[in-house]
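The values are calculated or read from the model by the stated rules, or taken from the named source; none is laboratory data. It should be emphasised that the depicted structure is a prediction, and the values quoted were computed from it without experimental measurement. Glycine gets a Cβ as well: all are built from the backbone with ideal geometry, and neighbour counts include every protein chain shown. With ligands, DNA and RNA removed, areas are computed over all heavy atoms of the protein, side chains included. Shrake-Rupley method; radii C 1.70, N 1.55, O 1.52, S 1.80 Å.
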Amino acid sequence: GTLAAFFLVSLGVIVLRRSHPEWKRPFRVPAVPWLPGLAAASALWLASNLPRLTWIVFTGWLLLGLAIYLLYGRRHSRLARAAGGEEPAEPVRSGS
């Protein structure tokens with residue numbers, strides 16, 4: 001799971017730097033897109049060398065997590081509550 005997250009973050013850095021260059025960045029990444037691209041390629045190489053059982057277990061946990069996320073989100077989203085006539089909850093504000 002951590003390797004998959006690292007791969008996605010590496011690709012996300014490249015995509016966001018190109019699609020939204022005007023956004024303020026709280027941190028800097030050197031050598032974009034080369035370093036994040038190399039990180040993503042390394043993650044893919046490591047993942048390709050994992051045993052088959054690891055991939056099966058990862059896929060199972062991924063599907064379970066997606067099912068929980070989608071089922072929970074369908075019942076608890078503000079959009080679903082607004083469409084059903086319920087008043088959406090106020091967002092939680094911290095530090096005010």
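I'd like the full set of residues that are of a type in the set (Val, Ile, Thr) and open to solvent by 50 Å² or more (accessible area, probe 1.4 Å), limited to region 1-27.
Once the filter is applied, which keeps residues that are of a type in the set (Val, Ile, Thr) and open to solvent by 50 Å² or more (accessible area, probe 1.4 Å), region 1-27 yields 2, 9, 15.
From the list 11, 35, pick out the single residue that is modelled with pLDDT of 95 or more, under 16 Å from the mean Cα position of the chain (by Cα), of a type outside the set (Val, Ile, Thr) and in a helix (DSSP H, G or I).
Testing whether each residue is modelled with pLDDT of 95 or more, under 16 Å from the mean Cα position of the chain (by Cα), of a type outside the set (Val, Ile, Thr) and in a helix (DSSP H, G or I) leaves just 11.
Would you confirm, using the coordinates I've provided, whether residue 48 is at pLDDT 95 or above, among the hydroxyl-bearing types (Ser, Thr, Tyr), at negative phi and exposed (fewer than 11 other Cβ atoms within 10 Å of the Cβ)?
Yes; evaluated as a whole, the condition is true for this residue.
Can you say whether residue 71 is over 20 Å from the mean Cα position of the chain (by Cα), over 27 Å from residue 15 (Cα atoms) and in a helix (DSSP H, G or I), as far as the supplied structure shows?
Against the criterion (over 20 Å from the mean Cα position of the chain (by Cα), over 27 Å from residue 15 (Cα atoms) and in a helix (DSSP H, G or I)), residue 71 does not qualify.
What's the total number of residues in region 28-40 that are surrounded by 10 or more Cβ atoms within 10 Å (Cβ to Cβ) and farther than 21 Å from residue 62 by Cα?
Residues flagged as surrounded by 10 or more Cβ atoms within 10 Å (Cβ to Cβ) and farther than 21 Å from residue 62 by Cα within region 28-40 amount to 9.
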